[in-house]
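Notes follow the structure.
The values are calculated or read from the model by the stated rules, or taken from the named source; none is laboratory data. If you're wondering where the values come from, they're calculated on a predicted model, not measured in any experiment. We place every Cβ from the backbone using ideal geometry, glycine too, and count neighbours over all the protein chains shown.
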Ligand SMILES: C[S@@+](CC[C@H](N)C(=O)[O-])C[C@H]1O[C@@H](n2cnc3c(N)ncnc32)[C@H](O)[C@@H]1O
(Lines give C-alpha, C1' and ligand atoms only; values in the text may rest on other atoms or scores of the structure.)
Protein backbone atom coordinates (compact mmCIF):
# COMPACT_ATOMS: atom_id res chain seq x y z
CA UNK A 1 0.00 0.00 0.00
CA UNK A 2 1.32 3.49 -0.79
CA UNK A 3 1.95 5.57 2.28
CA UNK A 4 0.65 9.14 1.96
CA UNK A 5 2.98 11.58 3.68
CA UNK A 6 1.45 14.83 4.86
CA UNK A 7 3.32 18.02 3.97
CA UNK A 8 1.60 19.92 6.76
CA UNK A 9 3.86 20.73 9.69
CA UNK A 10 2.70 19.32 13.03
CA UNK A 11 1.56 21.66 15.84
CA UNK A 12 4.77 20.79 17.68
CA UNK A 13 6.83 21.78 14.62
CA UNK A 14 4.93 25.07 14.33
CA UNK A 15 5.52 25.85 18.04
CA UNK A 16 9.22 25.05 17.57
CA UNK A 17 9.46 27.26 14.52
CA UNK A 18 7.74 30.21 16.23
CA UNK A 19 9.95 29.99 19.37
CA UNK A 20 13.05 29.36 17.26
CA UNK A 21 12.34 32.36 15.06
CA UNK A 22 11.97 34.64 18.10
CA UNK A 23 15.38 33.41 19.34
CA UNK A 24 16.97 34.06 15.91
CA UNK A 25 15.52 37.59 15.84
CA UNK A 26 16.78 38.34 19.38
CA UNK A 27 20.24 36.95 18.62
CA UNK A 28 20.78 38.78 15.32
CA UNK A 29 19.15 41.94 16.73
CA UNK A 30 21.80 42.11 19.45
CA UNK A 31 24.57 41.34 16.92
CA UNK A 32 23.40 44.22 14.73
CA UNK A 33 23.27 46.57 17.74
CA UNK A 34 26.85 45.58 18.63
CA UNK A 35 27.98 46.34 15.06
CA UNK A 36 26.26 49.74 15.14
CA UNK A 37 27.60 50.64 18.60
CA UNK A 38 31.15 49.93 17.42
CA UNK A 39 30.62 52.27 14.45
CA UNK A 40 30.27 49.46 11.85
CA UNK A 41 27.58 48.96 9.21
CA UNK A 42 25.46 45.88 8.49
CA UNK A 43 26.74 45.72 4.90
CA UNK A 44 30.14 45.72 3.20
CA UNK A 45 32.15 44.48 0.25
CA UNK A 46 33.60 40.96 0.32
CA UNK A 47 36.12 39.22 -1.97
CA UNK A 48 33.38 38.08 -4.39
CA UNK A 49 30.61 40.58 -3.92
CA UNK A 50 28.72 42.61 -1.39
CA UNK A 51 27.18 41.57 1.90
CA UNK A 52 23.75 42.84 2.96
CA UNK A 53 21.24 40.72 4.84
CA UNK A 54 17.78 39.57 3.76
CA UNK A 55 14.99 40.82 6.03
CA UNK A 56 14.19 38.05 8.49
CA UNK A 57 10.43 38.48 8.89
CA UNK A 58 10.01 38.51 5.10
CA UNK A 59 12.24 35.46 4.77
CA UNK A 60 10.15 33.57 7.30
CA UNK A 61 6.96 34.54 5.45
CA UNK A 62 8.44 33.28 2.17
CA UNK A 63 9.67 30.00 3.70
CA UNK A 64 6.25 29.31 5.17
CA UNK A 65 4.59 30.07 1.84
CA UNK A 66 6.86 27.75 -0.18
CA UNK A 67 6.55 25.03 2.47
CA UNK A 68 10.28 24.80 3.15
CA UNK A 69 9.69 21.91 5.56
CA UNK A 70 8.96 19.72 2.50
CA UNK A 71 12.53 20.01 1.24
CA UNK A 72 15.37 17.75 2.38
CA UNK A 73 18.31 20.13 2.12
CA UNK A 74 18.33 23.91 1.79
CA UNK A 75 21.48 25.79 0.79
CA UNK A 76 21.96 29.58 0.98
CA UNK A 77 24.43 30.63 -1.74
CA UNK A 78 26.46 33.46 -0.26
CA UNK A 79 25.13 33.14 3.28
CA UNK A 80 26.61 36.31 4.80
CA UNK A 81 26.22 36.32 8.58
CA UNK A 82 24.02 33.19 8.40
CA UNK A 83 20.66 34.69 9.28
CA UNK A 84 18.80 33.05 6.37
CA UNK A 85 20.40 29.66 7.02
CA UNK A 86 19.46 29.86 10.71
CA UNK A 87 15.83 30.66 9.79
CA UNK A 88 15.77 27.87 7.18
CA UNK A 89 17.07 25.44 9.84
CA UNK A 90 13.77 25.94 11.69
CA UNK A 91 12.12 24.17 8.73
CA UNK A 92 14.70 21.70 7.39
CA UNK A 93 18.42 20.86 7.22
CA UNK A 94 20.26 23.98 6.08
CA UNK A 95 23.73 24.86 4.84
CA UNK A 96 25.20 28.29 4.15
CA UNK A 97 28.13 28.81 1.79
CA UNK A 98 30.03 32.08 2.12
CA UNK A 99 33.35 33.30 0.75
CA UNK A 100 34.06 35.76 3.58
CA UNK A 101 35.83 34.08 6.53
CA UNK A 102 34.71 36.59 9.12
CA UNK A 103 31.03 36.36 8.10
CA UNK A 104 31.32 32.59 8.00
CA UNK A 105 32.65 32.48 11.53
CA UNK A 106 29.88 34.82 12.78
CA UNK A 107 27.38 32.42 11.17
CA UNK A 108 28.95 29.31 12.70
CA UNK A 109 28.95 30.91 16.16
CA UNK A 110 25.28 31.92 15.72
CA UNK A 111 24.29 28.32 14.93
CA UNK A 112 26.13 27.15 18.08
CA UNK A 113 24.71 29.87 20.31
CA UNK A 114 21.21 29.19 19.00
CA UNK A 115 21.76 25.48 19.58
CA UNK A 116 20.83 24.55 16.00
CA UNK A 117 24.25 23.37 14.80
CA UNK A 118 22.86 19.89 14.05
CA UNK A 119 20.51 21.43 11.46
CA UNK A 120 22.58 24.42 10.30
CA UNK A 121 26.15 24.26 9.04
CA UNK A 122 28.41 26.59 7.10
CA UNK A 123 31.05 26.15 4.42
CA UNK A 124 33.59 28.90 3.88
CA UNK A 125 34.26 28.91 0.14
CA UNK A 126 33.05 29.80 -3.34
CA UNK A 127 29.63 28.26 -3.94
CA UNK A 128 30.44 27.84 -7.65
CA UNK A 129 33.09 25.26 -6.69
CA UNK A 130 30.68 23.16 -4.57
CA UNK A 131 28.46 20.29 -5.65
CA UNK A 132 25.14 22.13 -5.52
CA UNK A 133 23.21 19.26 -7.11
CA UNK A 134 22.95 17.54 -3.71
CA UNK A 135 20.53 20.22 -2.47
CA UNK A 136 16.87 20.21 -3.45
CA UNK A 137 16.33 23.87 -2.53
CA UNK A 138 18.76 26.72 -3.16
CA UNK A 139 18.35 30.31 -2.01
CA UNK A 140 20.22 33.35 -3.20
CA UNK A 141 20.06 37.05 -2.43
CA UNK A 142 22.20 37.88 -5.45
CA UNK A 143 24.78 40.60 -5.45
CA UNK A 144 25.46 40.12 -9.19
CA UNK A 145 23.94 38.37 -12.24
CA UNK A 146 23.32 34.65 -11.76
CA UNK A 147 24.47 33.36 -15.19
CA UNK A 148 27.46 31.42 -13.76
CA UNK A 149 25.18 29.86 -11.18
CA UNK A 150 22.72 28.84 -13.90
CA UNK A 151 25.53 27.02 -15.74
CA UNK A 152 26.45 25.18 -12.54
CA UNK A 153 22.81 24.11 -12.16
CA UNK A 154 22.52 22.55 -15.61
CA UNK A 155 20.32 19.44 -15.29
CA UNK A 156 19.53 20.13 -11.62
CA UNK A 157 15.96 19.22 -10.68
CA UNK A 158 15.52 21.32 -7.53
CA UNK A 159 13.96 24.66 -6.68
CA UNK A 160 15.86 27.95 -6.73
CA UNK A 161 14.56 30.81 -4.59
CA UNK A 162 15.75 34.27 -5.59
CA UNK A 163 15.28 37.09 -3.08
CA UNK A 164 14.70 40.50 -4.61
CA UNK A 165 13.84 41.55 -8.15
CA UNK A 166 17.23 42.62 -9.48
CA UNK A 167 18.87 39.57 -11.04
CA UNK A 168 16.82 36.99 -12.95
CA UNK A 169 18.05 33.76 -14.55
CA UNK A 170 17.77 33.34 -18.32
CA UNK A 171 17.06 29.63 -18.70
CA UNK A 172 15.37 28.65 -15.46
CA UNK A 173 11.62 29.15 -15.42
CA UNK A 174 9.84 31.24 -12.82
CA UNK A 175 6.96 29.18 -11.44
CA UNK A 176 5.85 31.47 -8.64
CA UNK A 177 6.44 34.95 -7.25
CA UNK A 178 5.73 35.95 -3.68
CA UNK A 179 5.52 39.49 -2.35
CA UNK A 180 5.86 40.69 1.22
CA UNK A 181 5.85 44.45 1.77
CA UNK A 182 8.52 45.86 -0.52
CA UNK A 183 10.36 42.52 -0.82
CA UNK A 184 9.77 39.71 -3.29
CA UNK A 185 10.85 36.13 -3.76
CA UNK A 186 10.79 34.34 -7.11
CA UNK A 187 10.66 30.55 -7.31
CA UNK A 188 12.48 28.98 -10.26
CA UNK A 189 12.67 25.46 -11.68
CA UNK A 190 14.72 23.99 -14.49
CA UNK A 191 12.21 23.28 -17.30
CA UNK A 192 14.43 20.53 -18.82
CA UNK A 193 15.22 18.59 -15.67
CA UNK A 194 13.17 15.52 -14.87
CA UNK A 195 12.66 16.14 -11.15
CA UNK A 196 11.11 13.81 -8.59
CA UNK A 197 7.36 14.42 -8.56
CA UNK A 198 7.35 15.16 -4.84
CA UNK A 199 9.56 18.23 -5.04
CA UNK A 200 7.62 21.12 -3.63
CA UNK A 201 6.96 24.21 -5.71
C1 LIG B 1 23.61 40.10 -0.61
S2 LIG B 1 24.58 39.07 0.49
C3 LIG B 1 23.35 37.91 1.03
C4 LIG B 1 23.61 37.33 2.40
C5 LIG B 1 22.59 36.30 2.89
N6 LIG B 1 22.31 35.30 1.89
C7 LIG B 1 21.30 36.96 3.24
O8 LIG B 1 20.37 36.86 2.43
O9 LIG B 1 21.21 37.56 4.32
C10 LIG B 1 25.52 38.11 -0.71
C11 LIG B 1 26.65 37.31 -0.09
O12 LIG B 1 27.15 36.40 -1.07
C13 LIG B 1 28.54 36.27 -0.90
N14 LIG B 1 29.07 35.72 -2.17
C15 LIG B 1 29.00 36.28 -3.39
N16 LIG B 1 29.50 35.45 -4.34
C17 LIG B 1 29.90 34.33 -3.68
C18 LIG B 1 30.46 33.09 -4.10
N19 LIG B 1 30.70 32.83 -5.40
N20 LIG B 1 30.70 32.14 -3.16
C21 LIG B 1 30.44 32.39 -1.85
N22 LIG B 1 29.90 33.53 -1.38
C23 LIG B 1 29.62 34.49 -2.28
C24 LIG B 1 29.01 37.66 -0.56
O25 LIG B 1 30.26 37.62 0.09
C26 LIG B 1 27.86 38.14 0.34
O27 LIG B 1 28.13 37.90 1.70
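Any residue at all in segment 52-66 that's farther than 21 Å from residue 181 by Cβ and modelled with pLDDT of 95 or more? No, the conditions are met nowhere in segment 52-66. All conditions but one from (1) part of a loop (DSSP other than H, G, I, E, B); (2) within 14 Å of the ligand (Cβ to nearest atom); (3) farther than 19 Å from residue 131 by Cα apply to residue 91; the one that does not is (2). A single member of 126, 136 is touching a residue at least 40 places away in the same chain (Cβ under 8 Å) and crowded, with 18+ Cβ neighbours inside 10 Å, and it is 136. When the test is whether a residue is within 14 Å of the ligand (Cβ to nearest atom) and in contact with a strand residue (DSSP E or B) (Cβ under 7 Å, 6 or more places away or on another chain), residue 85 passes it. For the structure I just gave you, tell me whether residue 178 is away from the ligand (no atom under 12 Å from the Cβ), in contact with a helix residue (DSSP H, G or I) (Cβ under 6 Å, 6 or more places away or on another chain), in a loop (DSSP other than H, G, I, E, B) and within 22 Å of residue 55 (Cβ to Cβ). For residue 178, the condition - away from the ligand (no atom under 12 Å from the Cβ), in contact with a helix residue (DSSP H, G or I) (Cβ under 6 Å, 6 or more places away or on another chain), in a loop (DSSP other than H, G, I, E, B) and within 22 Å of residue 55 (Cβ to Cβ) - is not met. Looking only at residues in segment 64-83 that are in contact (Cβ under 8 Å) with a residue 60 or more places away in the chain, touching a helix residue (DSSP H, G or I) at 6+ places or on another chain (Cβ under 8 Å) and not in a loop (DSSP other than H, G, I, E, B), the one that is surrounded by the fewest Cβ atoms within 10 Å (Cβ to Cβ) is 73. Of the numbered criteria (1) surrounded by 13 or more Cβ atoms within 10 Å (Cβ to Cβ); (2) closer than 26 Å to residue 189 by Cβ, the one residue 35 fails is (2). So which residues in segment 132-158 are farther than 20 Å from residue 70 by Cβ and more than 14 Å from the ligand (Cβ to nearest atom), if there are any at all? Answer for segment 132-158, where residues must be farther than 20 Å from residue 70 by Cβ and more than 14 Å from the ligand (Cβ to nearest atom): 154, 155. In segment 40-54, the residues that are within 19 Å of residue 125 (Cβ to Cβ) and within 7 Å of the ligand (Cβ to nearest atom) reach residues that are assigned to a strand (DSSP E or B) and modelled with pLDDT under 95 with C-beta atoms within less than 8 angstrom, at least six apart or across chains, in these pairs: 50/43; 50/44; 51/43; 51/44. With respect to residue 61, is the statement that it is more than 9 Å from the ligand (Cβ to nearest atom) and within 23 Å of residue 42 (Cβ to Cβ) true? Judged against the criteria, residue 61 is a match. In the set 42, 56, only one residue is in contact with a helix residue (DSSP H, G or I) (Cβ under 8 Å, 6 or more places away or on another chain) and buried (at least 16 other Cβ atoms within 10 Å of the Cβ); that residue is 56. Does residue 116 satisfy the criteria of being over 14 Å from the mean Cα position of the chain (by Cα) and within 29 Å of residue 26 (Cβ to Cβ)? When the stated conditions are applied, residue 116 passes them.
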